[in-house]
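Peer 1: I'd like to ask you about the structure that follows.
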Amino acid sequence: MRRPLVAGNWKMNLDLPRGRDLIETIRSGLETLDVRERVEVAVCPPEIYLFPTAAAISGTAIRLGAQNVYHEPSGAFTGEVSAEMIAETGARYVIIGHSERRHTIGHHEDDRMIHLKVRAARRAGLTPILCVGETLDERKAGQTFDVLTFQLAAGLVGLAFKSGSDLVIAYEPVWAIGTGQNATSAQAQEAHAHLRAGLREKFGRLADEVRILYGGSVKPDNAEEIFGQPDVDGGLIGGASLKADSFLGIIRAALAKAG
Ligand code: PEP
């Protein structure tokens, strides 16, 4: 049984006091929900806030994640942060290959760079949350499965994992991120099943332990239906992770899945 994971990607939002307030409200909200070992919850603040966020979540079951990493361990890479540095903050997760980094920011990350980052995360003992997903044009052209196959294979080439919990995949259709237009539960399930089949081809039965999150306009009112799909193991949440009530509502939906 895969334990659902709900991870909040704060992106470049929330200053330090607001982030702390949010953690505090989530923390007290989690006390009223019977989360225990049933659902894992993580927050991914901007990198500069990793250490203070680690302090704010200390003593709670909330885990910490980073939103990006550089692949080299150290050196003359001005402005970059290595996986080892992220691990020092106490983070367990790092988001890699987010669609905003693939398609929007700066020089656009390609699959080779994304692969190097996944490798770096493993080197430092971090669990990568590898994001994959098709653009609207690719979906319209019937290329969704080909894109997912390629991004998954390219991201993970040559890598082995001892445990399925050392890897998380996030299916994030680019057209659904931050748009308010989520994939239907059927679209999510077929993409997730396709990704799991790809993982099975590569890793055999370990694939059944890997969590595949859905990301793209998840809200409390659509989370339960999406998470109810057999291959959807929780969510990577952007906008709705910035408010405690919506994030807690989504965690509630994951609890319904966990049973
Ligand atoms: C994301 O940024 O990973 C994301 C899924 O954003 P949103 O939930 O806002 O669509």
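The values are calculated or read from the model by the stated rules, or taken from the named source; none is laboratory data. It should be emphasised that the depicted structure is a prediction, and the values quoted were computed from it without experimental measurement. Please note: Cβ atoms are built from the backbone with ideal geometry, for glycine as well, and neighbour counts cover all protein chains shown. Accessible surface areas use protein heavy atoms only, side chains included; no ligands, DNA or RNA. Shrake-Rupley method; radii C 1.70, N 1.55, O 1.52, S 1.80 Å.
Peer 1: If packing is taken as the mean number of other Cβ atoms within 10 Å per residue, what is the order of 147-156, 167-176, highest first?
Peer 2: Averaged packing, sorted descending, gives the order 167-176, 147-156.
Peer 1: Along the positive direction of the dipole of segment 5-258 (beta-carbon charges: Lys, Arg +1; Asp, Glu -1; about the Cα centre), which of Pro45, Ser165, Leu64 reaches farthest?
Peer 2: Working it through, the farthest residue towards the positive pole turns out to be Ser165.
Peer 1: Tell me what the chain gives for mean residue ellipticity at 222 nm when only DSSP H runs of n ≥ 4 count, each as -39,500 (n - 2.57), the sum divided by the residue total, rounded to 500 deg cm²/dmol.
Peer 2: About -12500 deg cm²/dmol.
Peer 1: Now, a different point. May I ask you to give the solvent-accessible area per residue for the chain, in square angstrom, as obtained with a 1.4 angstrom probe?
Peer 2: Numbers: 11480 Å² over 259 residues.
Ligands and nucleic acids excluded, the figure is 44 Å² per residue.
Peer 1: On the first, second and third principal axes, largest extent first, how far apart are the outermost C-alpha atoms of the chain in Å?
Peer 2: Each principal axis gives a Cα extent; for the chain these are 47, 44, 34 Å.
Peer 1: Carbon and sulfur: what percent of the chain's accessible surface (1.4 Å probe)?
Peer 2: Carbon with sulfur: 52 percent of the solvent-accessible area.
Peer 1: Lys and Arg at +1, Asp and Glu at -1: add these up for the other residues within a Cβ distance under 12 Å of Ile57 and post the number.
Peer 2: Local net charge: +3.
Peer 1: Another question about this same structure. Most mobile of Val39, Val157, Val232 per a Gaussian network model of the chain (Cα springs, under 10 Å)?
Peer 2: Judging by the Gaussian network model, the answer is Val157.
Peer 1: Which helices pass in the chain if a helix is a full DSSP H run, must span at least 15 angstrom along its long axis by Cα, and must have mean Kyte-Doolittle hydropathy not below 1.0? List each step's numbers first, then the result.
Peer 2: Details: long enough: 16-32 (25 Å, -0.48); 111-123 (18 Å, -0.82); 144-156 (18 Å, 1.23); 185-203 (26 Å, -0.79); 244-258 (21 Å, 1.02).
Once both thresholds are applied, what remains is 144-156, 244-258.
Peer 1: Please compare each pair in Lys11/Lys243; Lys11/Lys202; Lys219/Lys243 to a cut-off of 20 Å on the Cα-Cα distance and tell me which ones are over it.
Peer 2: Where the Cα-Cα span goes over 20 Å, the pairs concerned are Lys11/Lys202.
Peer 1: Quote the charge dipole size of the chain about the Cα centre in Debye, to the nearest 20; the model charges only the Cβ of Lys and Arg (+1) and of Asp and Glu (-1).
Peer 2: So the magnitude is around 440 debye.
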